[in-house]
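Right, one structure below, let's go through it.
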Amino acid sequence: MAGRRVAVAIVLAAGTAWAGGSSEAQKPTEADLEWPAPTAERKRVNPVPVTPAALKRGRSLFRLHCAVCHGYEGRGDGPASRPHARFAAAPRNLTRLDVQARLTEGEIFWKLSNGLRARDRMVMPPFRDDIQSEEDRWVLVHFVRSLSVASSSGTEAQLARAQSALRSDE
């Protein structure tokens, strides 16, 4: 019985450390999770053309860096989503139209580059160092957009065509 309690304590401590905070730190509130990008960043436009090759590269980057939390298809159901939700915040479902509609390309780029830490908890890690190429971060933006084709970016038709080509490539 004592061994089981020790194992549970170790798992809880590891989960807390993974989430980026101590057991005493408060979980971020909804207000903490309002995470606006600076105006200049929100206005940035993706300089990389939407192509099947760009989406394929973006998909690879998403699976490598994002799927652990956001899930393979971006629904916020990755293997780390449950412990993350307990200690910080649930990963966003990137397939939801309302989530996509309120994010600009520049804002997605800024958020994935800078991450978010709130109340001593890592809500989303910054990927600027892990994905050093700006072009790679921009193709990741295209892939995130493709998770919910009806976005506010104005490139819905391009994304639909490229996503269709990407599916036929699988």
Q | Amide H within-cut-off set for Val123, under 5 Å, with H built and near neighbours excluded | A | Leu116, Arg117, Ala118
Q: For Arg44, list long-range residues whose amide hydrogen, built 1.01 Å from N in the peptide plane, is under 5 Å from its own amide hydrogen.
A: Gly106
Q: Rank these for me by crowding, Phe143, Phe127, Phe87, going from fewest to most other beta carbons within 10 Å.
A: Phe127, Phe87, Phe143
Q) Once amide H atoms are built 1.01 Å from N in the peptide plane, which residues 5 or more positions from Gly78, or in another chain, come under 5 Å H to H? A) His70, Gly71
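Every number in this text was worked out from the coordinates using simple rules, so none of it is lab data. If you're wondering where the values come from, they're calculated on a predicted model, not measured in any experiment. Backbone-built Cβ (ideal geometry, glycine too); neighbour counts: all protein chains shown.
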